[in-house]
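Notes follow once the structure below has been shown.
The values are calculated or read from the model by the stated rules, or taken from the named source; none is laboratory data. Keep in mind that what you see is a predicted model, and the values were worked out from it rather than measured. Neighbour counts run over all protein chains shown; Cβ positions are idealised from the backbone, glycine included.
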Amino acid sequence: MDTQYFINLENRYGAQNYKPLDVVLNRGEGIWVWDVEGKKYLDFLSSYSAVNQGHCHPKIMKTMIEQAQKLCLTSRAFRNDQLGVFYEDICNLTNSHMVLPMNSGAEAVETVIKAVRKWGYTLKGVPQNHAEIIVCENNFHGRTIAIIGFSSESQYREGFGPFPPGFKIIPFGEARALEEAITPNTVAFLVEPIQGEAGVIVPPSGYLKEVKSICKQNDVVLILDEIQTGLGRTGKLLAEEHDDIEADVTLIGKALSGGFYPISAILSNTEVLGVFMPGEHGSTFGGNPLACAVARTAIKVLIEEKMIENASKLGDYFLTQLRGIKSPYIKEVRGKGLMIGVELVPEAGGARGFCERLMTQGLLCKDTHENVIRFMPPLVITKEEIDWALERIEPILVGNTPT
């Protein structure tokens, strides 16, 4: 069966809320994926950082198979032997005091919204139903009604209201704007260390350190959404380390399972997550033994195989090489580690066409915010493989505008 057969099936039976490139994949290994016709591609998106460890990592796969043969799900009505050891591993690694596992990144965000609101009412003394959470323009924290309600992207919002109140939007990267937005009812500041979906927007150096200080002075919880930036993507375990801070609450997901199974986690000090009492929050699948076992191994290989160090070293190299490309279409190349965005000038005609041409050359990447190409390969990539990619990227970026 050829590519068009599978595309026709999707178009006939599937909701049309995605616009993928017309490639149908059926196998992956490391940084490589293959389509149904046998063509090989370098994956330069890593499933939005979910496969930082590479596709089908053998050690993670082995753990998943072994655990699936023993026990997959208990619900939190009972205890299981993987949950506590997962808690210990992740807390020791990230210097967290308490953890709450969920399934998706959006669930983690929704969970922390509940937690900081209750923290504000019970510990800070904010009047009931008056809690405010500050977020940034061009944020992306998920797709639920509450989350899109505090998005500044009209496409995410139009046709889906009304939205829950209690959120205030400020410019990203401007610490002074945060300081001016805080009121006595402000309970938290929710921010991405680098805005991925907005086009890999990197804030000024020292921004996180400054907002951490502002939050501390005003008794405001600093929440860092590291669902995409965390677990090695930017060349550090967590992107907050670039500014030498620790958030009050950190959200992780995606690469927490190496792409094998949905799991996310809220990492917190005891004060914030400690507000939850039995029955106030939960998830049927959250903290299940299969997810916890897989996550423990996913974290282990990330550290033991020095993928974070590789992301730092090769990210610097890749950025330097991309910035050296002389192209009339490139406006800016930015990023940290192996989280890189190439912004094109409007005259280039949009990033989608470039991604389509790169696909024909064996590279899969993603356009975002119309004019930005994202390059986010698995952290197991080698210098030779980056050079292979550059040999294909440069001619397309310096050539004629794709049609």
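If a residue has to be assigned to a loop (DSSP other than H, G, I, E, B) and exposed (fewer than 15 other Cβ atoms within 10 Å of the Cβ) to count, how many in the stretch 314-343 make the cut?
Residues meeting the conditions: 3.
For the stretch 344-376: of the residues being in a loop (DSSP other than H, G, I, E, B) and in contact with a helix residue (DSSP H, G or I) (Cβ under 6 Å, 6 or more places away or on another chain), which is surrounded by the fewest Cβ atoms within 10 Å (Cβ to Cβ)?
Gln361
Rundown of residues vs (1) under 25 Å from Gly28 (Cα atoms); (2) without any contact (Cβ under 8 Å) to a residue 24 or more places away in the chain, yes/no style:
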residue: Ser213; (1), (2): no, yes
residue: Gln228; (1), (2): yes, no
residue: Ser257; (1), (2): yes, no
residue: Ser268; (1), (2): no, no
residue: Met307; (1), (2): yes, no
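Within the stretch 89-127, track down each residue that is of a type in the set (D, E, K, R) and either without any contact (Cβ under 8 Å) to a residue 12 or more places away in the chain or farther than 17 Å from Leu222 by Cα (or both).
The answer is Asp89, Glu107.
For the structure I just gave you, tell me whether Phe86 is buried (at least 20 other Cβ atoms within 10 Å of the Cβ), in a loop (DSSP other than H, G, I, E, B) and touching a residue at least 24 places away in the same chain (Cβ under 8 Å).
Answer is no for this residue.
So if I check each of Ser312, Ser257, Ser268, Ser264, which one is hydroxyl-bearing (Ser, Thr, Tyr) and outside the structural domain of Ile113 (by TED's automatic domain parsing)?
Ser312
Would you call Gly142 out of contact with any Lys or Arg (no Cβ under 8 Å at 6 or more places or on another chain), part of a loop (DSSP other than H, G, I, E, B) and on the phi > 0 side of the Ramachandran plot?
When the stated conditions are applied, Gly142 passes them.
Table: residues versus (1) small (Gly, Ala, Ser); (2) closer than 24 Å to Gly315 by Cα; (3) surrounded by fewer than 22 Cβ atoms within 10 Å (Cβ to Cβ).
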| residue | (1), (2), (3) |
| --- | --- |
| Gly196 | yes, yes, no |
| Val202 | no, yes, yes |
| Ser264 | yes, no, no |
| Pro289 | no, no, yes |
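When you scan the stretch 54-83, how many residues do you find that are assigned to a helix (DSSP H, G or I), surrounded by fewer than 16 Cβ atoms within 10 Å (Cβ to Cβ) and out of contact with any Lys or Arg (no Cβ under 9 Å at 6 or more places or on another chain)?
Qualifying residue count for the region: 6.
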